[in-house]
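Colleague: Sharing a structure below in structure tokens format, with a few things to ask.
The values are calculated or read from the model by the stated rules, or taken from the named source; none is laboratory data. What you see is a predicted model; the values in this text were computed from it and never measured. All Cβ positions, glycine included, derive from the backbone under ideal geometry; neighbour counts span all protein chains shown.
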Amino acid sequence: MVDMAAMNSVIRNRLNVRDARFWLGVLIVVVLAVAIKMVYVRTAESLYSAEELPLAAISVAGGDGRITDIAVTRLYGTSNLTTAASLKVLGFDAMALKAPNMLFGLLTIVLIYLSVANLIKEEKSLYALWVATAFALGPPIIQIWSLKNRGGFIENIFGFALCIWICSRAQRTERRLAPIEILIVGLVIGVCIWSQPIGIVWGSVMMAFVALTFLGKDLKGFLLAVLLLLFGLSLGLMPLLQLNLLFDFRTLKTIEGGELVNGADLGMANRALALIKGGVPRVLGLKEQWSDGWVVGTTTGWLLYISFMLAVIAGGMQAMAACFRKRAVTVEIALLTSAALVLVANVVSSWGNFQLEPRRLLLLYVPFFILAGRFLYGRGAIGPFLLALWLMFSCYANISYISKHKHGYSNSMFIKLNGVAEFLKSQNVVGVYANVWTGSRVTFESKGAIVWFRSDYTPSSYGYLGDTVLLKDEAMLFNNNMPAEVGLRDKFLADLKKQGDVCMTREIQDVSIVYGCNREIELRSLSYLFSNSQPVGTEIYIGSDDQRIKTQQGEKKDSGLVSNGKSGYLAYGPYISLGPGKYEITLYGTSTTPATLDVCHAHGRKILASKDVQESVDLGGKSILGRLDIDIAIPVSNLEVRVRVGEGSDTAVEGIAFKRVD
């Protein structure tokens, strides 16, 4: 006879051993996840980037209401709230900036584990822990963005993983989502869209998934699910909608304007190719974020890339097969669709150099790891082998990256400005005009006591415009490590001298400080290319060797900017300010091929004049590409003159002349 007591004892012992192994595995994953984050905080991510300093959060934490409207509608709303709370509790420190996103990153690891465990239907799965470990010790880019307080990307990764976990719980028990779960999914999606617009992509998939689980089975349940999703979505989006109503729909204007207007538009086919060859490998850590070279060598890199992606693709095919077999929409299908749409969204809606900074692809971590882990489960030794291989690569990639950044950020734009804020406070300065890299650091280090603004002399991609009047208790800051800033500093001092004004100057840690001026100075009128004292007919020439003239597809030579045969902008700039009036703009250069000339401002969104030319014209010994007349009713800043050429172009730009005719 079978000794049932002995058998039960054996089973209990095996369960206890399994439980012990599981909880030991959990402890190891948690320790490893926290340890690598702390290593990054103390080394490669030891200091903050100016882009990580949400000024509205600094304002709230510092109790200074003067800067609460800075960039508040740039879709990154959750960062403002979580960072303000962290700064209030932990103080104005780099660790306080990292803490909220570190928490989001650690919780995402937990949700990845729980989701895989649900999909393989094992409550305490060591295999699901394997997958969670692969995410926890993932390559440098996910470690960095799990700490970066910028852009709402880690918040979206966390939100996506949270929704997948909620849905996988229901799928495991073969039930539809309860009303409270549907409401939470809608709310999370709304908040994530407020954090970053990429939330629209995966959010629409998850909402469709939830609704489709009811469709054809329960019409009343379907309608209720749609209503609950929309209600939760509306609640999540409410702060964003309210802020846009208060601030003239600034978010919508930001989305409409896009990013990197002067970047190289690769075209959809080339964008897709760049994603496959560059973007996805960078997200997987096989290529460094700003380098096209493989971290472990070309052949090894491609083998790792293919091996991991084969598991992801196989997991997707398995999900499609299960969907057709069960005639039901599954969580795996939602993951596969989300991954595909993230890739498509990057191809159809982005331009410029986003492949070199694949932030919008970071969301792929959730579907990639879950689909790969789901497929590899039950495949014998191949699953643990591939995951172990991935862990070994991630460890190597992290060690390699950290060894290159032992003391934090190497770029001067990211280092602390020791002494600058203290000096400004000693001079009773309460506001500074600076670029985002300098001004926001001063605001942070002064704990919100010193506000920063941007102006025509200190252009920036975003920030508080201010009143463009330099008051006696305000200062101008210029970063001497940036050539463009040095040129703007020299122009500002020259303009001051020309107008007869006197200010004090001081240099601290490569920052030029201009302060204590003898009177209030209107910066916009001071920065105009043509001053009021210059008569009508005055012509100002800016050569192509001037630092303000940029090129995208050209080379600077003695004869000027010469095209390299590729399509794109041969010349653009010089980002000047013009007051009201009529102007004649002449582009000097040579060309035997067609080109397009235009004059624009507002980062290329507003075209003042445009003209197509077939070839240059020789007038009195000077070769002219073309002339454009513009009539400015209100002052403009960051005015550009652009020369766009096609493939195989033979064009050279020597310079640009501006002439005031009225």
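Colleague: Say we look at region 288-303 and pick out the residues that are surrounded by 13 or more Cβ atoms within 10 Å (Cβ to Cβ) and under 19 Å from Leu386 (Cα atoms); which of these is nearest to the chain's Cα centre (by Cα)?
Modeller: Looking at residues that are surrounded by 13 or more Cβ atoms within 10 Å (Cβ to Cβ) and under 19 Å from Leu386 (Cα atoms), I get Val295.
Matching residues to (1) assigned to a helix (DSSP H, G or I); (2) in the same structural domain as Lys37 (by TED's automatic domain parsing); (3) surrounded by 21 or more Cβ atoms within 10 Å (Cβ to Cβ); (4) acidic (Asp, Glu):
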residue	(1), (2), (3), (4)
Phe92	no, yes, no, no
Leu106	yes, yes, no, no
Glu123	no, yes, no, yes
Thr133	yes, yes, yes, no
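Colleague: Here's another thing I want to ask about it. Within region 621-634, can one find any residue that is free of Cβ contacts under 8 Å to residues at least 24 places away in the same chain and under 21 Å from Gly543 (Cα atoms)?
Modeller: The answer is yes, given that some residue of region 621-634 is free of Cβ contacts under 8 Å to residues at least 24 places away in the same chain and under 21 Å from Gly543 (Cα atoms).
Colleague: Now for a different question. Filtering region 321-335 down to residues that are over 32 Å from the mean Cα position of the chain (by Cα) and not small (Gly, Ala, Ser), which residue is surrounded by the most Cβ atoms within 10 Å (Cβ to Cβ)?
Modeller: Restricting to residues being over 32 Å from the mean Cα position of the chain (by Cα) and not small (Gly, Ala, Ser), the top hit is Val329.
Colleague: Another question about this same structure. Determine if region 62-69 includes at least one residue that is in a helix (DSSP H, G or I) and modelled with pLDDT of 75 or more.
Modeller: Within region 62-69, one or more residues are in a helix (DSSP H, G or I) and modelled with pLDDT of 75 or more.
Colleague: Just to check your reading of the model, which residue among Lys98, Lys88 is of a type outside the set (A, V, I, L, M), surrounded by fewer than 18 Cβ atoms within 10 Å (Cβ to Cβ), in a helix (DSSP H, G or I) and at pLDDT 85 or above?
Modeller: Lys88
Colleague: From the list Thr443, Thr468, Thr458, Thr438, which residue is hydroxyl-bearing (Ser, Thr, Tyr), at positive phi and surrounded by 15 or more Cβ atoms within 10 Å (Cβ to Cβ)?
Modeller: Thr468
Yes or no, residue by residue, for (1) assigned to a loop (DSSP other than H, G, I, E, B); (2) in contact (Cβ under 8 Å) with a residue 60 or more places away in the chain; (3) closer than 23 Å to Leu343 by Cα:
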{"site": "Glu174", "(1), (2), (3)": "yes, no, no"}
{"site": "Ile180", "(1), (2), (3)": "no, no, no"}
{"site": "Ile189", "(1), (2), (3)": "no, no, yes"}
{"site": "Pro197", "(1), (2), (3)": "yes, yes, yes"}
{"site": "Val201", "(1), (2), (3)": "no, yes, yes"}
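Colleague: Just the residues that are over 13 Å from Val653 (Cα atoms) and either buried (at least 20 other Cβ atoms within 10 Å of the Cβ) or modelled with pLDDT under 85 (or both), please, taken from region 586-600.
Modeller: Val599, Cys600
Colleague: Among Ser577, Ser623, Ser616, Ser649, which is the only one that is of a type outside the set (D, E, K, R), under 23 Å from Asp495 (Cβ atoms) and touching a strand residue (DSSP E or B) at 6+ places or on another chain (Cβ under 6 Å)?
Modeller: One residue alone meets the criteria, Ser577.
Colleague: Test Glu615 against the criterion of being over 38 Å from the mean Cα position of the chain (by Cα), outside any strand (DSSP E or B) and surrounded by fewer than 16 Cβ atoms within 10 Å (Cβ to Cβ), and give yes or no.
Modeller: Considered against the rule, which asks whether it is over 38 Å from the mean Cα position of the chain (by Cα), outside any strand (DSSP E or B) and surrounded by fewer than 16 Cβ atoms within 10 Å (Cβ to Cβ), Glu615 comes out as yes.
Colleague: How about region 303-337: which of its residues are of a type in the set (A, V, I, L, M, F, W, C), within 25 Å of Met207 (Cβ to Cβ) and touching a residue at least 24 places away in the same chain (Cβ under 8 Å)?
Modeller: Val312, Ala319, Ala328, Val329, Val331, Ile333, Ala334, Leu335, Leu336
Colleague: Still on this structure, please answer the following. Would you kindly identify the strands (runs of 3 or more DSSP E) lying entirely within region 514-575 that contain at least 2 residues that are over 31 Å from the mean Cα position of the chain (by Cα) and touching a residue at least 60 places away in the same chain (Cβ under 8 Å)?
Modeller: Once the strands (runs of 3 or more DSSP E) in region 514-575 are filtered for at least 2 residues that are over 31 Å from the mean Cα position of the chain (by Cα) and touching a residue at least 60 places away in the same chain (Cβ under 8 Å), what remains is 539-543, 560-563.
Colleague: Search region 46-59 for residues that are free of Cβ contacts under 8 Å to residues at least 12 places away in the same chain and not assigned by TED's automatic domain parsing to the domain that holds Thr78 and pair each with any residue that is among the aliphatic types (A, V, I, L, M) and surrounded by fewer than 22 Cβ atoms within 10 Å (Cβ to Cβ) when their beta-carbon atoms are under 6 Å apart and the residues are at least 6 apart or on different chains.
Modeller: Once the first residue is free of Cβ contacts under 8 Å to residues at least 12 places away in the same chain and not assigned by TED's automatic domain parsing to the domain that holds Thr78 and sits in region 46-59, no partner that is among the aliphatic types (A, V, I, L, M) and surrounded by fewer than 22 Cβ atoms within 10 Å (Cβ to Cβ) comes close enough.
Colleague: Turning to a different aspect of this structure: Report, ordered by the first and then the second residue, all pairs with beta carbons closer than 8 Å, sequence separation of six or more or different chains, a first member in region 91-113 that is more than 18 Å from Ala134 (Cα to Cα), and a second member that is surrounded by fewer than 19 Cβ atoms within 10 Å (Cβ to Cβ) and of a type in the set (A, V, I, L, M).
Modeller: Short answer, once both residue conditions are applied: Ala94/Leu47; Ala96/Val89; Ala96/Leu90; Ala99/Leu90; Pro100/Ala85.
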